[in-house]
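Structure, as structure tokens:
The values are calculated or read from the model by the stated rules, or taken from the named source; none is laboratory data. As the structure is a prediction and not an experimental result, all values here were calculated from the model. Heads up, the Cβs are rebuilt from the backbone with ideal geometry, glycines too, and the neighbour counts pull from every protein chain shown. Areas reflect the complete protein model, heavy atoms only, side chains present, ligands, DNA and RNA absent. Shrake-Rupley method; radii C 1.70, N 1.55, O 1.52, S 1.80 Å.
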Amino acid sequence: MNANVRRLVMSAFFAALALVVFVVEAQFPPLFIPGAKLGLSNIFSLFALVLYGPGEALAVVLVRTLLGSLITGSVGSLVYSLTAGLIAVAAEALLVKFVFPRISIVAVSVTCAVLHNIVQCALFVAVNGAPQMLAYMPYLALIGVPSGALVGLAVYLLIRHLPARLLFGAAQGGISEKD
């Protein structure tokens, strides 16, 4: 299969998996405080980033967020989810490009999960003029640590345990087998 076609198919596959996980996770109550969830669908955007690069990761986030908001009926929160998701993936891409492997993929994921939660909260305050919501920020940041660790660990395990020919036969722009 042509490398470009394979990248497109795999990006669509990751977006579909992310969408399914997003929709399933939306059916569960929030973790500890309103709006907080594990963000397990981020496994697939981070994995796409590692394998293929930032373009594919951004595509996964766009598809997951747009379709996920429509399917779950949470279109009102789309601006927060999409903005924070895009900023978090951009930060992941920069960290992977410039400091990975000096820091682990788990550390990248934790950093960006915390960033995602901070951006969502700050954007909510800016849009709604509700500075009292800033009181949620430390709690959202703290929830980002275990959720980011879980996402990062899942990606680490995928990289470690999937066959190298499957992972690196198609990887161009992400990390290489020697990384």
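Dipole orientation for the chain: of the candidates L157, I118, A18, L157 has the Cα lying most toward the positive pole (charges on Cβ; Lys, Arg +1; Asp, Glu -1).
Taking square-rooted eigenvalues a ≥ b ≥ c of the alpha carbon gyration tensor, is region 1-107 rounded, prolate or oblate, where a/c under 1.5 means rounded and, failing that, a/b exceeding b/c means prolate? Cα axes put region 1-107 in the oblate bin. Helices in the chain, meaning DSSP H runs of at least 4 residues, each add -39500 (n - 2.57). Divided by all residues, the mean residue ellipticity at 222 nm is -24500 deg cm²/dmol. The simple Förster model, with R0 at 30 Å and r as the Cβ-Cβ distance, assigns L31 and K97 a FRET efficiency of 0.45.
Taking 0.36 nm per residue of sequence separation and removing the Cα-Cα distance, the S77/A141 pair yields an extension gain of 21.2 nm. Rg over Rh for the chain works out to 0.97, using Cα positions for both radii and the Kirkwood form for Rh. Largest GNM mean-square fluctuation among I143, I159, I71, using the chain with Cα springs under 10 Å: I71.
For region 5-144, which whole percent of the accessible surface, found with a 1.4 angstrom probe, sits on carbon and sulfur atoms?
Numbers: 5240 of 6780 Å².
The C+S portion of the solvent-accessible surface of region 5-144 is 77 percent.
Going by accessible area, probe 1.4 Å, with all protein chains left in place, what is the ranking of R102, R7, R160, R64, largest first?
Values: R102 185, R7 40, R160 150, R64 15 Å².
Sorted by accessible area, descending: R102, R160, R7, R64.
Once the Cα-Cα distance is subtracted from the 0.36 nm per residue extended length, the N128 to Y156 segment shows a gain of 6.3 nm. In a simple Cβ point-charge model (Lys, Arg +1; Asp, Glu -1; nothing else charged), the chain has a dipole of about 280 debye relative to its Cα centre. Just checking the listed ones, S81, S11, S104: in the Gaussian network model of the chain with Cα springs under 10 Å, the one fluctuating most is S104. Taking E25, E56, E92 as the candidate residues, the one with maximal mean-square fluctuation in a Gaussian network model of the chain, Cα springs under 10 Å, is E25.
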